[in-house]
Amino acid sequence: MSIALDRFAPTDVPLLGVLAERWSTRVFDATEPLDEEAFVSALEAARWAPSANNTQPWRLIVARRGSAEHTALVGTLVGFNQTWAGDAAALVVVVAETANEDGTPMHFALYDAGQAAAHFTVQAHAGGLATHQMGGFDRDAVRATFNLDSRFEPLTAIAVGAFGDIEDASEAIRERENAPRTRRPIAESLLVNA
């Protein structure tokens, strides 16, 4: 049985519920099959993310648990991520297309790919899936494993699947899962607020 903790963000003003309750778990159910309907909806949300001139400068590498691709992606994870992310039902790598086929730079690619990742995670959460985005992976290994052209930049790996039971997690993971959710005050993020 999966257990999701109550992790509502302590926001200063009200947010949409799906935003306030979305959080990045490290506890995935290693046996629960991927909810394909919710997963495809998350992929569809990424597809419909806004982009400059509708260029859609992102690609996704999707690897479901049990596939050789999933095993390969777990092998690219670094440090602590290797201890928990393999339990996820799928790993998704968001890849930015930083130049088009003729070599013209796509200046908004990183921003736009980030929006696709955000749309994916919010829709996944709304569909009952847990997610966790990771920067801790070997980008060159992903490039080599999936034969990516140099114009494609792996940005983030996302673990996705059913919430697991925190009681089955290691002490180190339980500590991180139970840590208070914090963010700096919004005033510290505003460079100008005229």
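Read-outs: derived from the displayed coordinates by stated rules, not from any lab. This one's a predicted model, so the numbers in the text were calculated from it and none came from an experiment.
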> If you find the alpha carbon centre of region 146-180 and of region 116-136, how far apart are they in angstrom?
Replying inline: 10 Å
> Just how far, in whole angstrom, is region 10-38 from region 84-99 if you go by their alpha carbon centroids?
Replying inline: 17 Å
> Which of the following values of volume of the Cα convex hull per residue in Å³ was calculated from the structure shown: [x] 144; [y] 115; [z] 105?
Replying inline: [x]
>> If I take every Cα pair under 8 Å that is 6 or more residues apart in region 88-157, average their sequence separation and divide by the length, what percent do I get for the relative contact order?
In response: 48 percent
> Using modelled backbone amide H atoms (1.01 Å from N, in-plane), which distant-in-sequence or interchain residues come within less than 5 Å of Leu77's amide H?
Replying inline: Asp138
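What relative contact order, as a whole-number percentage, does the chain give when Cα pairs under 8 Å and 6 or more residues apart are counted? Each step should come with its number before you reach the end.
Numbers: 333 pairs, mean separation 62.7, N = 194.
Over the chain, the number comes to 32 percent.
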